[in-house]
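Only the coordinates and a few stated rules stand behind these numbers; no lab work does. None of the values given here were measured: they were computed from a predicted structure.
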Amino acid sequence: MKKILFILILIICCNTVYSQENKSRVVYQKIVDGDTLYVLPLDEIEVKSKYIRKKRHLRRTNRLIRYVKKVYPYAKLAGQKLIEYDSLLKNAETNSQRRKLMRQAEDEIKEEYGDELKKLTFSQGKILLLLIDRETGDTSYELVKDLRGSFSAFFYQTFARIFGFNLKIQYDPNGKHRMIEEIVRLIEKGEL
């Protein structure tokens, strides 16, 4: 009987010791005009809006997520390549050397990524151009104008306008392209 009572008391004591969790937080004090204010540091949260209201909105959102996930690595790569080739172009002494470097860079990119980029849909191409603008800070028109010249930029802009797109559109993360920006942030955080 004493053994059972001892075991029972031991179980109750152990159970109460393990059930008490330390839930204390550090609270800071700040004195303002003679009043003591307590400052409690809070965890950072992100407020997201709800876009999905209907089934078709859900399908559109899922499609946009798929497209952004597919083309975002190419946009990151484009930003890195632009920095790399920009430093090479600054070291070029003449325009002929500059053109030769640009042709060489274009051939390398076509050889390495040409087949994959040709498989992109029209919508994926639009998103890619917007994300390149996000990564580089310049619109596609400005990049073509700087790297290939004004005539080429005019030609590509005209060609794009025929198919219903404008190379001069700027990426607007807080306005029109807010949803793409949210998806990119989620990708960068590793949540998507």
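Express in nm, to one decimal, how much length is gained between LYS30 and ARG56 on full extension, taking 0.36 nm for each residue of separation and deducting their alpha carbon distance.
Result for the pair: 4.2 nm of gain on full extension.
Which value, to two decimals, describes the C-alpha radius of gyration of region 35-192 once divided by 2.2 N^0.38 Å?
On the way: Rg = 19.8 Å, N = 158, 2.2 N^0.38 = 15.1 Å.
Ratio of Cα Rg to 2.2 N^0.38 Å: 1.31.
Contour minus end-to-end for LEU101 and ARG66, with contour as 0.36 nm per residue of separation and end-to-end as the Cα-Cα distance?
Stretched fully, the LEU101-ARG66 segment lengthens by 9.2 nm.
Need the full-extension length gain, ILE187 to ASP146, defined as separation in residues times 0.36 nm minus the C-alpha distance. One decimal, nm. It would help to have the intermediate numbers written out before the result.
Numbers: separation 41, 0.36 × 41 = 14.76 nm, distance 3.01 nm.
Full extension from ILE187 to ASP146 adds 11.8 nm.
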